[in-house]
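Trainee: Just passing along the structure, written as structure tokens.
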Amino acid sequence: MTSAAPTPVLQVFRLGMPWQTIDPFLFVAHHVDAYPAGNDELGPDASLDGRPLGQDFGNPAGWSMYHGTTVPGFPGHPHRGFETVTFVRSGFVDHSDSVGAAARFGEGDTQWLTAGNGIVHSEMFPLLNKDSGNPLELFQIWLNLPAESKTVDPHFSMLWNEDTPTVTVADEDGRTVSIRVIAGELDRATPPPPPPNSWASRPGTDVAIWNIDLSSGARWELPAAHGEQTQRVLYVYNGSPVRIGDRTIESGHGVVVDASVPVHLTGGDEGTQILMLQGRPIGEPVVSYGPFVLNDEAGVRQAFEDYRRTGFGGWPWDSDGPVHERDAGRFARYPDEQLEQR
């Protein structure tokens, strides 16, 4: 008598705000906002009466202002000791920071920012369309840094939509699966490199960030990870229930799977969208307080002291939440004044 093969599903959990993560990831937020038409200031052409401006997270009418008061978003705030990876599926983000970088990115672009020893940045959501709605969907992922990289200089980089590969495969019935490869490699498709001091840039860390879009009923085998220590989480964030190995998983759940084996996925009747995060754990103590992630309490106290003393380079902008001109297009201006336009 033979026993059944072990399930690749190790844990299932509900998605909260933020989503539960495992080392080397720290945080995942999924923002979905159905913003209305914009006004002349690139904010919502709608009443803000009754909203707790500055702390508007309730999502009334399908959108939030977050910490913004005129334009939605997150005005200048500090980080130290980790990286932010911001993948925008729709809509736009206006970035400004304390080392002088600025950008407008969206519609498939990803910004990868190494906070390192300290940076202040602003992330505003300009509502560029005056005659129609301004839907926004983005993921912000926090990736930890090992101890020796927590004091590196900040580094700002862009992974543009045009340079980020999408792998599209069809099952035997012709149903398609599209995998957006933001980090890691899949079927020889390699995205732009992560920043030089990222945990993802080290050989053998096996960091991958993939957005998986399964059409109705599509079947795909998620390949096994390369590393023996790699951990992998599948976040089922939209669509119909998906079959993961021998389990049916409803949208709104995260699934820790065995990364050492291939995992069979079958999309639901209406299709299913999954964010996959994987990597070899850093395996160091994590002590965090808000925007600072260090290895001990002394490191967090030092971060607060340094921020009060230096402002992590100061703030060279006229407002806490600057936005760029409506017709600026997608662009990045780096601290060395290099300009990229898309």
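Trainee: State whether one or more residues within segment 169-179 are under 30 Å from Glu325 (Cβ atoms) and in a loop (DSSP other than H, G, I, E, B).
Mentor: Checking segment 169-179: not a single residue is under 30 Å from Glu325 (Cβ atoms) and in a loop (DSSP other than H, G, I, E, B).
Trainee: Pull out all pairs, ordered by first then second residue, where Cβ-Cβ is under 6 Å, the residues are six or more apart or on different chains, the first lies in segment 302-313 and is surrounded by 14 or more Cβ atoms within 10 Å (Cβ to Cβ), and the second is aromatic (Phe, Trp, Tyr).
Mentor: Within 6 Å, the pairs are Ala303/Phe292.
Trainee: Right, another one. Working only within segment 218-264, note down all residues that are open to solvent by less than 20 Å² (accessible area, probe 1.4 Å) and within 20 Å of Asp173 (Cα to Cα).
Mentor: Ala218, Leu222, Ser240, Val242, Ile244, Val263
Trainee: Sort out for me the strands (runs of 3 or more DSSP E) sitting completely within segment 78-132 that have 1 or more residues that are open to solvent by less than 10 Å² (accessible area, probe 1.4 Å), among the acidic types (Asp, Glu) and touching a strand residue (DSSP E or B) at 6+ places or on another chain (Cβ under 6 Å).
Mentor: Per the criteria, 82-90, 92-97.
Trainee: Which pairs have Cβ atoms under 8 Å, sit 6 or more apart or on different chains, and link a residue in segment 238-249 that is more than 16 Å from Leu275 (Cβ to Cβ) and in contact (Cβ under 8 Å) with a residue 24 or more places away in the chain to one that is among the β-branched types (Val, Ile, Thr) and open to solvent by 80 Å² or more (accessible area, probe 1.4 Å)?
Mentor: Pro241/Thr248
Trainee: Run Leu42 past the list (1) touching a helix residue (DSSP H, G or I) at 6+ places or on another chain (Cβ under 9 Å); (2) among the hydrophobic types (A, V, I, L, M, F, W, C); (3) open to solvent by less than 20 Å² (accessible area, probe 1.4 Å); (4) part of a loop (DSSP other than H, G, I, E, B) and report the number of the one that doesn't hold.
Mentor: Checking Leu42 against (1) touching a helix residue (DSSP H, G or I) at 6+ places or on another chain (Cβ under 9 Å); (2) among the hydrophobic types (A, V, I, L, M, F, W, C); (3) open to solvent by less than 20 Å² (accessible area, probe 1.4 Å); (4) part of a loop (DSSP other than H, G, I, E, B), the one that fails is (1).
Trainee: Still on this model: Scan segment 45-77 residue by residue and report those that are part of a helix (DSSP H, G or I) and more than 21 Å from the chain's Cα centre (by Cα).
Mentor: Once the filter is applied, which keeps residues that are part of a helix (DSSP H, G or I) and more than 21 Å from the chain's Cα centre (by Cα), segment 45-77 yields Pro60, Ala61.
The values are calculated or read from the model by the stated rules, or taken from the named source; none is laboratory data. Please read these numbers as outputs of a predicted model, since none were measured by experiment. Counting neighbours? That spans all protein chains shown, and the Cβs are built from the backbone with ideal geometry, glycine included. All accessible areas refer to the heavy atoms of the entire protein, side chains included, with ligands and DNA or RNA removed. Shrake-Rupley method; radii C 1.70, N 1.55, O 1.52, S 1.80 Å.
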